Amino acid sequence: MWLPQLHLMRVISAKSQGYSIATDISGPMTVNGPERGSLMVQCVYNSGWETYLKWWCRGATWYSCKILVKTTGSEQEVKRDRVSIKDNQKNHTFTVTMEDLMQTDADTYWCGIERTGTDLGVTVQVIIDPASTAAPTTSISTTFTAPVTPEETSNSPTLTGHHLDKRHNLLKLSVLLPLIFTILLLLLVAASLLAWRIMKCQQKGTAAPGGRPLLCRPDPAADQNLPTKGYHEALLLCPG
């Protein structure tokens, strides 16, 4: 006589707390989860159903709902796609986890226990809360320049006379080196031209007719043998 009343009190208490009751299994009536987030559903069963298979089914109609994931009769977690299920046989609970939630995941689901004949199950309404549409923040980088104080100005390093002398010497050296190089180059060109002219002159001296060298200045000894009439060659004596 007391057992029916006790069972009725359990049903009333579970209903008042937002739980669906199907005799030996119960679960939350509604569960909310954020879009792109995850949610967990914990269903409770009575003693004696520990080794039975537990499942998570989608669809408002009991006989046509689609089972998304099912346990293996042990406490090992089973995962398929974005849904996983794990049975805790000591606590008589099994937990369903849904990850990467989308708006299309909002629907009626079932916590169920597989058995011979008709399975046990309770409905769970899953609600997906939309993701926050906060405007993206743009980061603005600013550069802060610290003002120079009089103390920093007075403590800044100054150029001493030694440093100025070094700078002056370097400046003079940078001007003198190209000048010296230019003068040496001009001297080299002049010497090359002079040598070239001497070689040309010597080549002309060896090309005189009769096999005699063409002299570049009058030869006194040659003037004594010149004929008094007619034309004669002007004998020149080349230097060297």
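Where a number appears in this text, it was derived from the coordinates with a stated rule and is not lab data. Note that this is a predicted model, so its numbers are computed, not measured. We place every Cβ from the backbone using ideal geometry, glycine too, and count neighbours over all the protein chains shown.
For this structure, a couple of remarks:
- Working from the Cα coordinates of region 25-129, the gyration tensor eigenvalues give, after taking √(5λ), semi-axes of 22, 15, 12 Å in decreasing order.
- Protection proxy ranking for 95-104, 60-69, using the average of other Cβ atoms within 10 Å per residue and placing the highest first: 95-104, 60-69.
- Positive minus negative residues near residue 132 (Lys, Arg vs Asp, Glu; Cβ under 11 Å): -1
- Remark: the residue 179-residue 107 segment gains 16.6 nm on full extension, using 0.36 nm per residue and subtracting the alpha carbon distance.
- With a cut-off of 14 Å between beta carbons, the residues surrounding residue 93 carry a summed charge of -2, where Lys and Arg count +1 and Asp and Glu -1.
- Computed over neighbours whose Cβ is under 12 Å from that of residue 37, the net charge equals -3, Lys and Arg +1, Asp and Glu -1.
- Mean Cβ neighbour count within 10 Å, used as a protection proxy, ranking 72-82, 186-196, 105-115 highest first: 105-115, 72-82, 186-196
- Theoretical FRET efficiency, 1/(1+(r/R0)^6), r = Cβ-Cβ of residue 116 and residue 79, R0 25 Å, to 0.05: 0.40
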